[in-house]
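Derivation of every value follows stated rules applied to the coordinates shown; laboratory data play no part. If you're wondering where the values come from, they're calculated on a predicted model, not measured in any experiment. Virtual Cβ from ideal backbone geometry, glycine too; neighbours counted across all protein chains shown.
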Amino acid sequence: MAETVTALSDQLIEHLQQEALTLLSTIDHEHGSPTMNAVSWLFAKDASTIRFAVDQRSRIGTNIKVNPLVTLTYVGAGSVHAIYGKARLVAEALEEVPFKLVCFDINITEVRDAMFYGARISVQPEYEKTYDKRAADKLDTQVFSAMRKA
């Protein structure tokens, strides 16, 4: 049986210090079923905490308020990583951001390698923003700065 890991490795912390595509799973507050959303405004505060922000109108916030248990899936650093934890509200609205974002911390309870046996991730998924690059960079800078201050 594999040892239970309850914190991010140094390699995962490094990868999660920059904007990274991750999948956030919550339990839908209306249907009780699992639901998943892609998120990118997140960073590892330390080995046991990940902070993220989402639009205040997103169902993610309501889902977490009803059931704070979440799973964050990160594809990179050679594998698929399932990061389990309990989310808690940090800020209802981030200051100095042009629209309302809600900010949460995930207190990590377990980190698992979720890649199937005999394989590794050779290329990390990439994405590109489809709106004005300067506007995207400016917004990202505002959001990450506000998240670090929250």
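Over 24 Å apart at the Cα level, from the set LYS45/LYS86; LYS86/LYS129; LYS45/LYS133; LYS86/LYS138; LYS65/LYS100, are LYS86/LYS129; LYS45/LYS133; LYS86/LYS138.
Spatially, the range 10-29 and the range 94-129 are offset by 2 Å when compared through their Cα centroids. Under conditions of 25 °C and 0.890 mPa s, the chain yields 153 µm² s⁻¹ as its translational diffusion coefficient, taking Rh as the Kirkwood radius over Cα pairs in the Stokes-Einstein equation. Calculated [222 nm] ellipticity per residue, helices only, for the chain: -6000 deg cm²/dmol; basis is -39500 (n - 2.57) per DSSP H run with n ≥ 4, divided by all residues, nearest 500.
By other beta-carbon atoms within 10 Å, ranking HIS31, HIS15 with the fewest at the front produces HIS31, HIS15.
Across the range 10-149, the relative contact order, built from alpha-carbon pairs under 8 Å that are at least six residues apart, equals 23 percent.
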